[in-house]
Amino acid sequence: MFLRLLWTHQKKRYNMDTRKDKFPHGIPGHNLSEIEREIPIEEPPAWPINKELKVIGKRVTRIDAHDKVTGKAKFTSDMKLPGMLYAKMLRSNVPHAEITGIDISKAKSLPGVHAIHLIENAPKEGEENKGSKYPMVKYAGQPLGGVAAESLEIAKDAIKLIEVNYQRKPFVIDMEKAMEIGAPIVFDVPIEQQADGGDVGEVHDGSKGKGNVRGPSTSSFFGGPRGDLAKGFEEAEVVVENTYRTQVHTHMPLETHGVVVDWKTDVMTVYASTQNTANVRNEMASIFNLPKSKVRVVCEYMGGGFGAKHSAGSYGPMAANLAKKTGRPVWLMLDRKEEHIAEGNRPSSIQYLKIGAKKDGTLTGIQQRSHGTAGVGLGAGVGRIAQVLYPCPNFATEQYDVLTNAGPGAAWRAPGNVQGAFGLEQAIDELAEKLNKDPLEYRDLIDKSEVRKVERQRGAALFNWSRRQPAGSGKGVVRKGLGVGQSTWPRFVTLDSSVEVKIHNDGGVEVRSSVQDIGTGTKTILAQVVAEEMGLQVKDIKVNIGDTFFPVGPGSGGSVVTGSITPPTRNATFEAKKELLKLVAKKWETDSSELFIKDGQVGHKNDAKLNMSFKEATKLMRTSQISKTASRSDDYGGFQQPWGLAFGDLGSVQFAEVSVNTDTGFVKVDKIVAAHSCGRPLNTGQLESQINGGVIQGVSYALYENRVIDKATGHMVNANVDQYKVPFSMEIPEIETLIVEEYSARSSTDAYGIGEPANIATAAAIANAVYNAIGVRIYEIPITPSSILKALKKVS
Amino acid sequence: MENKKQKGESKPTKGISRRSFIRGAGLSTAGSVLMTTNAFALDYKEQLVTGKEFGPDAMTIKMKVNGITKSLSVEPRTTLASALRDHLELTGTKVVCDRGSCSACTVYLDGEPVNSCMLSVLDVGEKKVTTIEGIAKNGELHPVQQAFIEHDASQCGYCTPGMVMSCVHLVDNNPAPDLEDVKKATRGNLCRCGTYPHVFKATLDASKKTI
């Protein structure tokens, strides 16, 4: 979906006056210098490095924390509107079938039931059941309809009373079975990538390929194949060649997907648990043929998404249809089981990787071929990490999607790249060993990123990397191991990012955008940016976001939010401030360029006697407010790609220390040191929180999570919290975060996100540490006690 | 600390667990409940199947929540979590797994943490219910809440009420918890954003300020 979003906003070269300004550039304590940029004349002056700022880069407490710790924060699932009905979805209980009939008569007559809506068939050209009233069932748990009732319990009872008649068809769950000739065919028509599916900036082509195997995708926005692979491997003196396997895991946000729809005559209000209010609005407006101006999507608090909540899904239109039928607001939140089976997952992968190098370590060739399944969806690639992390003249990838009768995949925190990093970073480790080089030193040799170089140095010191022993050299039952993994993530920017800043005539300052805070702390960083620019305190700023009646902001995906929305926030604040200062200048009979605001006071550069409080200044306003709207402007210096991808990468290096019990096979992650960059850091406390979260999800991916579907019935058997293992407090390692400031002079804030980078390298670092501990490599996650014992040949 | 009461050990031992409740309910007509005692007594014995039948229609009960006695009309199949959220609009208590494995719905019954999604509302009886909304007194935050704010111990915030309930109970009952104690106190609390390290720091910090 991001590809669409980004391609839509072709870069426009502004025909406008420019000026030159000097910006900080580089890494403080390493190579900090200054760079001159030619920028549009109306851009605010360059900010110095964080050390010289008052609010930015500091540990500012989250502005909505009070409501969160007292239980006052109202999430979508907490909404209760007058007359509201509760809805429940009807879902298929077979994995592949044609529906011959649905009998709703018993459900309809259940007291308390207000409406039943069934999803109608909308077959595409060439589809198998063109004449049928109902859609084909392609996985167990596929939505078929919904019921609205007085209470959730009644709605659940009604669902049980609906009888669906299926004409069953053969189905396939196992990916490797699905690739075989003669396997049951999931779709016999070309399919399109779903809105939530796949990687940022990538669209997988579902029209190519045979049977259940679609693709391959051979290029990304970084280009296609490079050089001559055959020649590269001919030149190679050392080769590493392996197949790596990763599992399917589900997002499991604590708040499930869902909406409350209140459809009044003039406006449809959708309270949505979403990462993308604007996209939900666009989808609902399009489905119900309403102008965007008459659909309002609101998301004030959001209980986690991790990539899977960009769309209105099928529950959004379902709630709206039920609201339309009943004339009442409808609450439709999914339950835990529905969340697991139908609302997204990270696709699996089987990745073949071959890397060649000369004896001096120079890379000569990287070949990658992957198969992954996103169930009935597309987007099961392994990302770009093998293509871009280490420069190599000869490179090719083939990434295939395999269709199976399982719930669709969705973007999941650094889609593709987490799978890809697990393979690539183990292969690089193995290569280093073959070359008799320390894994960290070898990366110094082949990695050209300056920021990762600093992260390796500082991280290694913090982690005490020098204590690392040769692989498998430990004695005793419990063996320690140390490992490292690296990652890269592009500086994505969404140019369709707008924000309004208002100064009220009582001194109040407000910032408005449709951008949502999904727990990352967007509200707080917006308040910080406005406070810094306006010379006020964070508490003086009211942040009103997560509402599509405000200017459209970016979706929270691809780690785009900070880099996209903070520059226009600063720019709108700067414009509003200029207008206020003009009023003060008029009163003081001076030039507004001589005035400044600091600590809530307006002053004059050359006349200390001229002084007025900010609040007093706002009383000079002729209208009730000064209102300025700004949108994300081009990156200073232009984009690497024409459609909105900034230069450079967000590099990270993570170090893992593990203990492996060679008797039980139990792996414990003792410590992670996570060294990260995100341009100019805005709020160190919140950044730490997000890095901790990315690391913990990485630990979970490496050791625990695994969606299990029964191959005989097509049903997920661990669609709950007690059997779907994720880490709780007892499994949390000690985590130390290290944030490297890196200035690149790309925008008025020069800040970027951290959400996805935090999650990419962890599993690879852990796998490398496990190898270091036991001297045997594990090529498949999750690394369970049984896989350790098998690797040690203690069980067969 | 031997006398320490930890979350993991403090699941309700009396009353009707939801599983036994569902088993019992299975004997009666849909939605009605066979109760072996009247609704406000708590010495339920699972082996007894004779008793007074409630439901399926709603009935009026009284419950003491955050120091105030509330009257509410509930179907007998209602859980305490649902009663709090859907009937009393105390939505700070969250339902995440709905089967007692994530602690997002943690409330106190007579000061002891329980999973409110696993408890029949009829089983509350005269026990005092404390929810997240009742932790701050007269607008003054509990030291744990204050420390959660200072240490950024919430991200999306959906697990936060349950997490605060577990940590407040620890700090109120253990004057000097160490990291292991905090981990044990929160071992049933699921946080998908992975905020645990800041929760640990906040709770340890709060315990120092509570002495």
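Quick notes on this structure:
- Conditions (1) within 14 Å of chain B (Cβ to nearest Cβ); (2) without any contact (Cβ under 8 Å) to a residue 60 or more places away in the chain: number failed by A:Ala712: (1)
- Some residue of the range A:715-728 being facing chain B (nearest Cβ under 9 Å), more than 23 Å from A:Arg59 (Cα to Cα) and under 18 Å from the mean Cα position of the chain (by Cα): no
- Within the range B:130-144, considering residues that are within 11 Å of another protein chain (Cβ to nearest Cβ) and in a loop (DSSP other than H, G, I, E, B), the one surrounded by the fewest Cβ atoms within 10 Å (Cβ to Cβ): B:Gly139
- In the range A:258-300, the residues that are touching a Gly at 6+ places or on another chain (Cβ under 6 Å) and within 14 Å of chain B (Cβ to nearest Cβ): A:Ser273, A:Gln275, A:Cys299, A:Glu300
- Against the criterion of being aliphatic (A, V, I, L, M), buried (at least 23 other Cβ atoms within 10 Å of the Cβ), in a strand (DSSP E or B) and at pLDDT 95 or above, A:Val172 does not qualify.
- Test set (1) charged (D, E, K, R); (2) within 11 Å of another protein chain (Cβ to nearest Cβ); (3) under 19 Å from B:Thr93 (Cβ atoms) - B:Lys127 fails condition number: (2)
- Only one of B:Asp57, B:Asp86 that is within 8 Å of another protein chain (Cβ to nearest Cβ), free of Cβ contacts under 8 Å to residues at least 40 places away in the same chain and not β-branched (Val, Ile, Thr): B:Asp86
- The condition of being of a type in the set (Gly, Ala, Ser), assigned to a helix (DSSP H, G or I) and touching a residue at least 24 places away in the same chain (Cβ under 8 Å) does not hold for A:Ala308.
- Those residues of the range A:127-184 which are more than 14 Å from every other protein chain (Cβ to nearest Cβ), touching a Phe, Trp or Tyr at 6+ places or on another chain (Cβ under 9 Å) and of a type in the set (Ser, Thr, Tyr), in sequence order: A:Tyr139
Okay, residues lined up against (1) over 28 Å from A:Ser473 (Cα atoms); (2) in contact (Cβ under 8 Å) with a residue 40 or more places away in the chain; (3) buried (at least 23 other Cβ atoms within 10 Å of the Cβ):
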| position | (1), (2), (3) |
| --- | --- |
| A:Ser747 | yes, yes, yes |
| A:Ala769 | no, yes, yes |
| A:Pro785 | no, yes, no |
| A:Leu792 | no, yes, no |
| A:Val795 | no, no, no |
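- Of note, B:Glu133 satisfies the criterion of being closer than 21 Å to B:Met118 by Cα, of a type in the set (Asp, Glu) and under 22 Å from the mean Cα position of the chain (by Cα).
- Selection from the range B:193-211 of residues that are more than 9 Å from every other protein chain (Cβ to nearest Cβ) and either crowded, with 22+ Cβ neighbours inside 10 Å or in contact with a Lys or Arg (Cβ under 9 Å, 6 or more places away or on another chain) (or both): B:Ala202, B:Thr203, B:Ala206, B:Ser207
- Search result, residues across the range B:53-74 that are among the charged types (D, E, K, R) and under 29 Å from A:Tyr301 (Cβ atoms): B:Lys64, B:Lys70
- Residue satisfying all of: in the range A:380-389; crowded, with 22+ Cβ neighbours inside 10 Å and touching a residue at least 40 places away in the same chain (Cβ under 8 Å); nearest to the chain's Cα centre (by Cα) among these: A:Gly383
- Checking each residue in the range A:574-602 for being in a loop (DSSP other than H, G, I, E, B) and under 41 Å from the mean Cα position of the chain (by Cα) picks out A:Asp599, A:Gly600.
- Test result for B:Gly125, in the same structural domain as B:Leu84 (by TED's automatic domain parsing) and in a loop (DSSP other than H, G, I, E, B): yes
- Of the criteria (1) in a loop (DSSP other than H, G, I, E, B); (2) closer than 25 Å to A:Leu334 by Cβ; (3) within 14 Å of chain B (Cβ to nearest Cβ), which one A:Arg707 fails: (3)
- Within the range B:74-112, if we keep just the residues that are of a type in the set (A, V, I, L, M, F, W, C) and assigned to a strand (DSSP E or B), the residue that is farthest from the chain's Cα centre (by Cα) turns out to be B:Val74.
- The lone exception for B:Leu190 - which of (1) touching a residue at least 60 places away in the same chain (Cβ under 8 Å); (2) more than 7 Å from chain A (Cβ to nearest Cβ); (3) out of contact with any strand residue (DSSP E or B) (no Cβ under 9 Å at 6 or more places or on another chain) it fails: (2)
- Annotation note: of A:Leu495, A:Leu536, the sole residue that is in contact with a His (Cβ under 9 Å, 6 or more places away or on another chain) and more than 30 Å from A:Leu431 (Cα to Cα) is A:Leu495.
- Set side by side, the residues A:Val259, A:Val240 differ, and just one is in contact with a Leu (Cβ under 7 Å, 6 or more places away or on another chain), of a type in the set (A, V, I, L, M), assigned to a strand (DSSP E or B) and within 30 Å of A:Lys434 (Cβ to Cβ), which is A:Val240.
- The condition (being closer than 21 Å to A:Glu532 by Cβ and not basic (Lys, Arg)) is satisfied by just one residue among A:Ala576, A:Ala585, A:Ala608: A:Ala576.
- Residue check, A:Ile63 surrounded by fewer than 23 Cβ atoms within 10 Å (Cβ to Cβ) and hydrophobic (A, V, I, L, M, F, W, C): yes
- Test: residue in the range A:242-260 that is of a type in the set (Ser, Thr, Tyr), more than 30 Å from A:Ile545 (Cβ to Cβ) and under 26 Å from the mean Cα position of the chain (by Cα): yes
- Evaluating A:Arg214 against the criteria (1) at pLDDT 90 or above; (2) part of a loop (DSSP other than H, G, I, E, B); (3) not small (Gly, Ala, Ser) leaves one unmet condition, (2).
- Restricting the range A:28-43 to residues that are surrounded by fewer than 19 Cβ atoms within 10 Å (Cβ to Cβ) and assigned to a loop (DSSP other than H, G, I, E, B), the residue that is farthest from the other protein chains (Cβ to nearest Cβ): A:Ile41
- Residue that is nearest to B:Arg192 (Cα to Cα) [pool: residues in the range B:145-163 that are surrounded by fewer than 24 Cβ atoms within 10 Å (Cβ to Cβ) and at the interface with chain A (Cβ under 7 Å from one of its Cβ atoms)]: B:Ile149
- Residue within the range B:170-183 that is under 20 Å from the mean Cα position of the chain (by Cα), facing another protein chain (nearest Cβ under 8 Å) and more than 22 Å from A:Thr76 (Cβ to Cβ) present: yes
The values are calculated or read from the model by the stated rules, or taken from the named source; none is laboratory data. Every value quoted in this text rests on a predicted model; they were computed, and no experiment measured them. Cβ atoms come from the backbone with ideal geometry, glycine included; neighbour counts cover every protein chain shown.
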